[in-house]
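Notes for the one structure printed next.
Bear in mind that the values in this text are calculations on the coordinates, not laboratory data. The structure presented is a predicted model; accordingly, all values stated were derived computationally and were not measured. In this analysis, Cβ positions are derived from the backbone assuming ideal geometry, glycine residues included, and neighbour counts consider all displayed protein chains.
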Amino acid sequence: MVNVETGRFTVGVFQDVAWARKGLDALQRAGFDNQGLTILSKENPDAAALMAATFGQPGDRFDLAGIGAVIGRGPLLDALQGAAGDLAALGLAGTMRRVGFQAHDGRIFEALVGRGGILVAVHSEPRAADALALLHSYGGGNAAIGAWTGRV
């Protein structure tokens, strides 16, 4: 059985940095703390600037299976890393089950980020529905709450 985080993450993928910035601004206006946010993107200067503006420091650079060179920061990445420290090797497709998503969700998120999308996640319990509504409202494609806790 896969270990699943008890706190929920709400995840959406924006088509570019401009849309991600709008979504992040909306989350912040709604009272979501930056410490609960995660941003993941293919490595590029615009995404690096977004992370620096959001977190006050740049994202960490690493290679991610299925995508290549990425930058990211936030609690979702820590949860996906797991005890085995295998996020880089398994990618999003192989690790999203750790936070309550089904494997096909991970493959979708991986494909969207691989095409240049900006993944934004919110450690959102108990306001997961609020986070989901905001992500959808501001263009977060395939936004979903990680709630699946079935057996693998």
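Worth pointing out:
- Peptides 136-143, 57-64, ordered by how many other C-beta atoms sit within 10 Å of their residues on average, highest first, read 136-143, 57-64.
- Summed residue charge, Cβ within 10 Å of Gly94's Cβ, Lys/Arg positive, Asp/Glu negative: +1
- Label sites at Asp86 and Asp33, each approximated as a point 7 angstrom past Cα along Cα to Cβ, lie 3.2 nm apart.
- Tensor-based shape of the stretch 9-145 (alpha-carbon gyration tensor, a/c under 1.5 rounded, otherwise prolate or oblate): rounded
- Once both labels are positioned 7 Å from their Cα atoms along Cα-to-Cβ, the gap between Asp78 and Ala53 label points is 2.5 nm.
- Taking 0.36 nm per residue of separation and subtracting the current Cα-Cα distance, fully stretching the chain between Arg115 and Ala69 would add 15.3 nm.
- With R₀ fixed at 25 Å, the C-beta to C-beta distance from Asn142 to Asp25 puts the FRET efficiency at about 0.80.
- Our summary gives the chain a relative contact order of 42 percent, counting only alpha carbon pairs under 8 angstrom and 6 or more residues apart.
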